[in-house]
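The values are calculated or read from the model by the stated rules, or taken from the named source; none is laboratory data. Model, not experiment: these values are computed from the prediction. All Cβ positions, glycine included, derive from the backbone under ideal geometry; neighbour counts span all protein chains shown.
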Amino acid sequence: MKNPLSEEALLSDIVRFAELGDHRTASMADLATSEWVKTELEKVGLAAELDPWPLRQFQNLNCRLRVFGKQCDTFPLWYPRSTGSEPIVARLVQGDNHGDLRGAIALVQFPDVMVTEKSAHARMIHALAEAGARAVVGCTPHVSGEIYGQNVIPPHNQTPWPLPVLMIAPSDWHVFEAAARLGSSVEFLLDGVDCADLCANNVVAYRERGDRWIIVSTPQSGWFRSAGERGAGLALLLGLARWMALAETDHSLLFLSNSGHEIGHLGAFHALSNPRLPKPGQCDCWLHLGSCIATHDFDRNNHLLVPASPPDPSWLFASQDLIEPLSHSFSDLTHLTPELYNRDHGEIRWILERGYSAFSLMGAQQFFHLKGDGPEVVNGRLIEKVGAALKNTLGNIMARKASIPFAS
């Protein structure tokens, strides 16, 4: 059997993931991803099943934003409120200059923070609705100059805004700012189907042997192709499953691929209530594969994207009991030093809060939450080294030797 954690094998899965399309929760690409992952896990002898969970979701998205006769790139702020099939055509007005917004489309800048009930997004949009605006054109500053897909948590992951809201790229801000200054008209369309009773699918795969368990999980959904953000973690999950399913061990194994990440971690919360999930006291280790594992950093050089030499910012978070063994198994990856979890985001938070012995890799990269997040952002040599370190870590645990220093 070929090495399932080789650079070639991992990159092949990442390319396959990206080719499926934009991975928004319960989209055709997301549902196809669940089927693909289930099939791949069954191929190595694991019992695998789809674990559906209900949600409201906006489908068949059709957006258009025209100013000065030019159509600009755009994407909704979730959860969308539709304009219907006919666009709104109205004058554009700066939303923060206390002008007359009645019947107008408001132009605003949002901060680069998660969309919550108490974030500036909610305050601004509700105020604009009360002032009589018909729609909102928003912009979040980002170093790339591109539209940044902002994750949302309740209630806006399932409840539409009071107004249709479309986001523009920071590189187009000056065009819309000029249109607002002149009071020019904008054509604004945000159409689609608001589905109240959809289902998304997590994937659950397992092999029961002994009474001690190892769990490997990852999110699979994201706003766009998400090859670096989500594809790298999913490829590592598949590679580890192909190896672990054939390994000689008394451990029982559980693999979880969860949808719903970008809309409040809905799939992860559903997975935490799955009856197949062992209790913390039965689990020797839970590996959660987070965002942007082994991705390049990129510099802009004469409009060409050139991989920079150091890897992107990355973190290796762990429960106290795993800090020392991880420091041995990841000793060759100097950018990944195990540390106690100290963030307020990431799905590892809820795993640790429930008392599991767990660790997680996560990172950031220039194309995080952008439409340009394709397979080329992943560093092939680096992801193979990460896969080897993970194999070393879990191999020692499966051999019940986690307390012994790991071989380099």
Exercise. When both residues are 6+ apart or on different chains and their Cβ atoms are under 7 Å apart, which pairs have a first residue that lies in the stretch 194-217 and is more than 12 Å from W53 (Cβ to Cβ) and in contact (Cβ under 8 Å) with a residue 24 or more places away in the chain, and a second that is basic (K, R) and assigned to a loop (DSSP other than H, G, I, E, B)?
Worked result: Y206/R276
For this session: Pull up the stretch 198-223, narrow it to residues that are out of contact with any strand residue (DSSP E or B) (no Cβ under 7 Å at 6 or more places or on another chain) and at pLDDT 95 or above, then point me to the one that is nearest to S259 (Cα to Cα).
Result: S221
Exercise. Does the stretch 128-135 contain any residue that is surrounded by fewer than 17 Cβ atoms within 10 Å (Cβ to Cβ) and within 25 Å of the chain's Cα centre (by Cα)?
Worked result: no
Seminar exercise, completed: All conditions in (1) closer than 23 Å to E146 by Cα; (2) without any contact (Cβ under 8 Å) to a residue 40 or more places away in the chain are true of E248 except (1)
For this session: Can you tell me which residue within the stretch 52-111, out of those that are out of contact with any His (no Cβ under 8 Å at 6 or more places or on another chain) and among the aromatic types (F, W, Y), is farthest from A205 (Cα to Cα)?
Result: F68
Exercise. So is D100 surrounded by fewer than 19 Cβ atoms within 10 Å (Cβ to Cβ) and under 21 Å from W78 (Cβ atoms) or not?
Worked result: no
For this session: Assess whether L65 counts as being crowded, with 16+ Cβ neighbours inside 10 Å, of a type in the set (A, V, I, L, M) and touching a strand residue (DSSP E or B) at 6+ places or on another chain (Cβ under 6 Å).
Result: yes
Exercise. Got at least one residue in the stretch 207-221 being within 25 Å of the chain's Cα centre (by Cα) and of a type in the set (K, R)?
Worked result: no
